[in-house]
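The values are calculated or read from the model by the stated rules, or taken from the named source; none is laboratory data. Bear in mind the structure is a predicted one, so any value in this text is a computation, not a measurement. Cβ atoms come from the backbone with ideal geometry, glycine included; neighbour counts cover every protein chain shown.
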Amino acid sequence: MIHVFVGPTLRRSEPLLDTPGVRAWPPVRHADLFDAAIGDGDTVVIIDGVYHQAPALRHKEILDAMSRGVGVIGAASIGALRAAELAPYGMLGVGSIYTAYARGEIDGDDEVAVGQAPDGDWEALTWPVVNLRHILQLACLSGVMDRERADGLLEELRGVYYPQRTTAAVRAVCRRRGEDEFPGWLAERRARDEHFGDLKRNDALAAVRRALRGWAPPAAARLPVAPTPYLLRWSNAAARRRIDGVELFTAERLVYQQVFNPVFREWWAAYLEQLSRRPEPGGGPGMVLDARLARVTGGDGDVAAHQVFHPAVDLRDETTVGLLLAGETSEDRQAVARYTGALALARRTRPGFTVAAVRADLTRRALLEVWGCTEEEFDLEASARGLVSGSHAVEAAKRLMPGWLAERTEKKAEAAGAY
């Protein structure tokens, strides 16, 4: 499968995007490459990406995808810039814009940035610098202007903020500089060919065609990527699965079990045991958890394994997910869906609401009530459930509070109505 992340550079109606085996996605953004639909052996073509209105795709995410066997091609827009930066690691760049970035002839996102309609339409509303430069070069070759005037006009156009660099703005700059012939010449060329001078479009189509011909990434692209805390956090946040017709985030399902399942302590202990028995990264054998604990603590029997070992959980690992959600029921998943809905409702209806703003003292009291433990036992109970400490448990459980409080209020109302 070829996954093409594209926005204003190509229209939705572009025939090449309807080729069998090609799936067109919106402009790429942070966490998109973690999507389970992108499998090992697939090819990703990055053309357009967001970076202003939403978190941008990180370099580490591209490297992680390549390490999993996903071939990544970049061209035309932010894809060309990222390909120039990551070519030594196995990302393939295509087209003249990529080449200009790779040679250092241009740099920066502003070269390819365009304004786009906020309603999701893929049409570009403004001119990117790379297209303007190319068109001015063609104008010089046609005798419309000389190189010195073209350079001056380009410099002034570059000074226009990219969301405001519309056709009207280009005409206004030309009038201010006394360039009366160029706007008419450009309008005439575009009347004959609406894609005249569209360097970005040409490069984007070339990249998709390159992917359709087949491309095997170099072996260097499959080098393992160090699982940094940030990368693990991003991939965990993106992990999700459709079950019983409902798409649920795996992290939400896990936190629900950690908070509400009375036997989750046993699952966490089983996970620590399984993790301890895995072979060491350097090739050494694993060992039973008790032996590992004794080696670390010097045989202090008063310390539990969950107080010593706090491994970062990888929710893309099926074995890990299978262990930690071993006892999850259909009713649990329905509850997770309700709690997720309650959180979304709070975000929609309460201006300025954020999970971080949920009161920590209220969340702490809720956990004490659910777990039936004392303040003195709180940290130990949180640790036994894989939540590290009481403070970490509070932060993890905050996202459950809107749903928990709503259900609690509803139950109280039902109980009052029964008397």
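Listing for the model above:
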{"item": "Leading residue by the ranking (farthest from the chain's Cα centre (by Cα)) among those in the stretch 219-241 that are surrounded by 15 or more Cβ atoms within 10 Å (Cβ to Cβ), in a helix (DSSP H, G or I) and among the hydrophobic types (A, V, I, L, M, F, W, C)", "result": "Ala221"}
{"item": "Extreme residue, farthest from the chain's Cα centre (by Cα), among residues of the stretch 242-254 that are in contact (Cβ under 8 Å) with a residue 40 or more places away in the chain and under 17 Å from Glu318 (Cα atoms)", "result": "Ile243"}
{"item": "Flag if Ala100 is assigned to a helix (DSSP H, G or I), under 16 Å from Ala206 (Cβ atoms) and within 18 Å of the chain's Cα centre (by Cα)", "result": "no"}
{"item": "Test: residue in the stretch 173-186 that is of a type outside the set (A, V, I, L, M), modelled with pLDDT under 90, surrounded by 11 or more Cβ atoms within 10 Å (Cβ to Cβ) and within 30 Å of Asp40 (Cα to Cα)", "result": "no"}
{"item": "Pairs, first in contact (Cβ under 8 Å) with a residue 24 or more places away in the chain and part of a loop (DSSP other than H, G, I, E, B) in the stretch 37-59, second acidic (Asp, Glu) and crowded, with 17+ Cβ neighbours inside 10 Å, C-beta under 9 Å, six or more apart", "result": "Ile38/Asp32; Ile47/Asp203; Leu57/Asp32"}
{"item": "Test result for Pro311, surrounded by fewer than 11 Cβ atoms within 10 Å (Cβ to Cβ) and more than 21 Å from Leu248 (Cβ to Cβ)", "result": "no"}
{"item": "Spans of helices (runs of 4 or more DSSP H) in the stretch 245-324 with at least 3 residues of a type in the set (A, V, I, L, M, F, W, C) and farther than 18 Å from Leu400 by Cβ", "result": "264-277, 289-297"}
{"item": "Residues of the stretch 242-257 satisfying the condition of being out of contact with any Asp or Glu (no Cβ under 7 Å at 6 or more places or on another chain) and surrounded by 12 or more Cβ atoms within 10 Å (Cβ to Cβ)", "result": "Ile243, Val246, Leu248, Phe249, Thr250, Ala251, Glu252, Leu254, Val255"}
